[in-house]
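A short write-up of the structure that comes next.
Each value in this text was obtained by applying a stated rule to the coordinates, not by laboratory testing. Please read all numbers here as calculations on a predicted model, not as lab measurements. FYI the Cβ positions are ideal-geometry reconstructions off the backbone, even for glycines, and counts take in every protein chain you see.
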Amino acid sequence: MMLLVMLLLIGCGDQRVLEKLGFTQTTSYDLDPNTEESSDDEKQGQQKLLISVTIPRTRTENSRELITATAYTSKEAKIKLSSQTELTIVSGQLRNTLFGLSLAKQGIWEHIDTLVRDSSISPRVKVTIVNGSAHELLSKDYSQHNRTGKYLDRMLEKEAISQTVPEITLYRFTRDFLDDGIDAVAPIIKQLDEHVSIDGIALFQGDRYVTKVEPDDTLIFAFLRGRFKNGEMSVDMSEVGRINEHIMFSSMISKRKIKIKTTSEGQHYHADISINVRGSVLEYTGKLSLDNVEHQKQIEKLIAEYIKLKTEEMVAMMQKNNVDSIGLGKYVRNKLSYEEWKNLDWRRIYPNIEVTCNVNVRIKDFGKFVNIEQ
Amino acid sequence: MREKLHPFHIAILIYMTQSGVVIFSLPRVLAQHMGYNGWIALTVFYVIVALNISLISLAYRLADGKSIFQIIEHFFPKIAVIPLYIFLLTLWMMIGCISAKRYIIIYQIFVFPTTHPMLIKILVDTLAFLLIIKGIYNISKAATVFFWLVIWTILLLLFFLHDFQWINLTSFYFHESSDIVTGSFRIFTAFLGYELILLLFPYAEKRKGVMKAVHIGNLLTFLTYILVCLVCYGFYSFDQLKRMKFPMLDLLAYIEFPFVERIENLIFSLYLFTSLIGIVMYCWSALEAAQRILPKANVKWLAAIIMAVAYVVSWVPTVLVEVDAWLQYLGQIEIGVAFGLPLMLLLFLLLQKRRDEPYIDYNEPS
């Protein structure tokens, strides 16, 4: 009996009382603005970080606790943060990490590494870049929305479903960062007066932010990045020679295939990206008729032409910035033997490879209403 | 009449003894030592194990239901074989207790990080003790129940179809492999447990299916391992996989249902059962050896003493690296036993046959 009681008491060794815990929901990382603009001497040394966490509180619907600390490492910051609250800070419910742009330009791997190491942090925690200061974005309350952490989290999730931004989690970021055939990406957001809005997709080289895809072009990026379903795109036909015509292409299902051809001289690669899109058109303003079969074919062609133009433009932009965000390297790697790949300086080769995009568009339907031609 | 083990239970018992917490780190170990597409190497290990089992089954046929101890003692006076028994006893006991410790230390990375591991070990050891004293038939019944509790987790792999990319497997084979010899031993230890069938000879039903059951158990282990490893190789990028301590736990952590997420803690607790059977089977084998040395001793007390000694020994290694090193060392010895013991038995059995029936052609399989 004594033994039994003792055995059962073992369970009391490590207590976690829910009321005494502070579940961080969002963490932001920035370079400390006070040291950011300091002299060059200091810049060479380690820079201080400004780290904030939000902890949802239950007093009212939108109440939350925001605490901030400056430190050299994120774990040091955790201790400093902890000394500012009566709660024990735990990261089991962490949903989102925000990185300020200035920090992202310097590299975020060491912070990601800390997060990946911690067994209490889920690999599904989102990685998000903030165009501006992550701390400022996080510390503000947006009166029309939920508490900021939840608002951001839900918005990113929703946007990921409609393909506006890729859903980038710790797992995905780490996977692409550590793969030598692809570069990581992350959604980028910015603060407006009363809202937060998607500001495109941040493209990384290694762990450093290099450039971004503009918010209007994020769907074009989705075509290149892989297969997806459920997207919506507005096609401005003036890009393909038809002024003042617009098409809304929705309910898209897109598949992407990449084929690499090597030319006989070696080290010359040609990437063929074929994109297959199916979707419906419900809105069109222009001279063609949605109900004419001939015109329908023409519309399909125009959309295909538009996507081809845009995707090739985007690939050229990525090559110019030397970021292989769509993972062409993976496909080249599979064409080569191990020695060839290791001897290949992919970063050097990548900007000069030829890429063509072949787009095939099929429009499934044109809605449930027909205009009878008089 | 004493109940005998049905082949079905034997298959499950072997599977449960073989698989344990190793599976959580196995994909990484493969990536480290076997390099790109290292999961394919598992096939080689499977074949080696299958050959070893065939060797054992040869001994089983010749033994005709006699225990290995009877066979050995037929040749040597008991006093001469006691050192061998003590060696086996110690080895099996140590494997049992150190693998228990390993489970607990890994468990503590996630839950109860500051509780003393030996306190948790009391709990696991108590469970193991209670099973051991019930005898092998009840152990196998418990193993069958635990089996159903655990085996469905394989279905969770379906969850990863979405993020699984064949392209992540790359077209390289076994490049960037390192320390293949050490690595092979490490990977082989993941399959250990099947050799304990040697001790089950007198407890199994005298049917043809017994050895087939061992093969099936081993096949099941192999299939589980290769599925998990394949998914890991396709889900993670190679460098990422190499750096993950417990890739399978990260896999589980990635699973999200509309009603629950972060289920890795729950699932890891379920794996206590597979580990427990491993621990129990090794300690039970140690007990069998001990009973042979002291046939008149009370079984329960003997079991209690073995568990107590095992408990004390497992105080010594305190961190995961130490535990891994110990287990590695013990595993290598056990691999030797897995091959050496059946060979030795075969030799004895053939000699015995020659002595008993001198005119039969021994090359003919009986």
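What would the Debye equation give as log₁₀ I(q)/I(0) for chain A at q = 0.07, 0.08, 0.09 Å⁻¹, counting only Cα atoms as equal point scatterers?
So the normalised log intensities are -0.41, -0.52, -0.64.
For A:K75 and B:H116, what does the FRET efficiency come to when R0 = 22 Å and r is the distance between their Cβ atoms, rounded to the nearest 0.05?
So the FRET efficiency works out to roughly 0.35.
Cα-Cα over 18 Å: which of A:K229/A:K287; B:K66/B:K296; A:K229/A:K364; A:K48/A:K78?
Over 18 Å apart, Cα to Cα: A:K229/A:K287; B:K66/B:K296.
Under 18 Å from a point 7 Å along the Cα-to-Cβ line of A:E167: which residues of segment A:213-248 have their amide N that close?
Under cut-off, by backbone N: A:219, A:222-223, A:225-232.
Note down the relative contact order for chain B as a percent, whole number, built from C-alpha pairs under 8 angstrom at least six residues apart.
Relative contact order, chain B: 42 percent.
P(r) for chain B: what percent of alpha-carbon pairs falls in each 20 Å bin, starting at zero?
29, 57, 14, 0
Contact order normalised by length for chain A, with contacts defined as Cα pairs under 8 Å and 6 or more residues apart; what percent is it?
Reported relative contact order: 12 percent.
Given points 7 Å out from each Cα along the Cα-Cβ axis, report the B:F257 to B:Q328 separation in nanometres with one decimal.
Between B:F257 and B:Q328, the label points sit 3.8 nm apart.
Consider a paramagnetic label point 7 Å from the Cα of A:S274 along Cα→Cβ; state which residues of segment A:325-366 have an amide N under 20 Å from it.
Output list for this probe position: A:327-335, A:354-364.
Which residues in segment B:330-347 place their backbone N less than 12 Å from a point set 7 Å from the Cα of B:H74 along the Cα-to-Cβ direction?
B:345-347
In nanometres, what is the gap between the two model label sites at B:K134 and A:E313, each 7 Å from Cα along Cα-to-Cβ?
7.1 nm
Give a residue-ordered list of calculated ³J(HN,Hα) values for segment B:39-47 (Karplus: 6.51 cos²θ - 1.76 cosθ + 1.60, θ = phi - 60°; whole Hz; x for Gly, Pro).
Karplus-based 3J(HN,Hα) across segment B:39-47 equals 4, 5, 4, 4, 4, 4, 5, 4, 5 Hz.
Evaluate the distance, in nm, between pseudo-label points positioned 7 Å from the Cα of A:D141 and of A:L282 along their respective Cα→Cβ axes.
3.7 nm
Let me have the 222 nm mean residue ellipticity of chain B computed from DSSP H runs of 4+ only, each contributing -39500 (n - 2.57), with the sum over all residues rounded to the nearest 500.
So the calculated ellipticity at 222 nm is -23500 deg cm²/dmol.
Round to a whole angstrom and tell me the spacing of the C-alpha centers of segment B:270-322 and segment B:150-214.
One Cα centre to the other: 24 Å.
Among A:L49, A:P123, A:S274, which residue has its Cα positioned farthest towards the positive end of the charge dipole of the protein assembly as shown, with +1 placed on the Cβ of Lys and Arg, -1 on the Cβ of Asp and Glu, and the dipole taken about the Cα centre?
Toward the positive end, the furthest listed residue is A:P123.
Taking 4 °C and 1.567 mPa s as the conditions, I'd like the Stokes-Einstein D for the protein assembly as shown in µm²/s, using the Kirkwood hydrodynamic radius from alpha carbon pairs.
44 µm²/s
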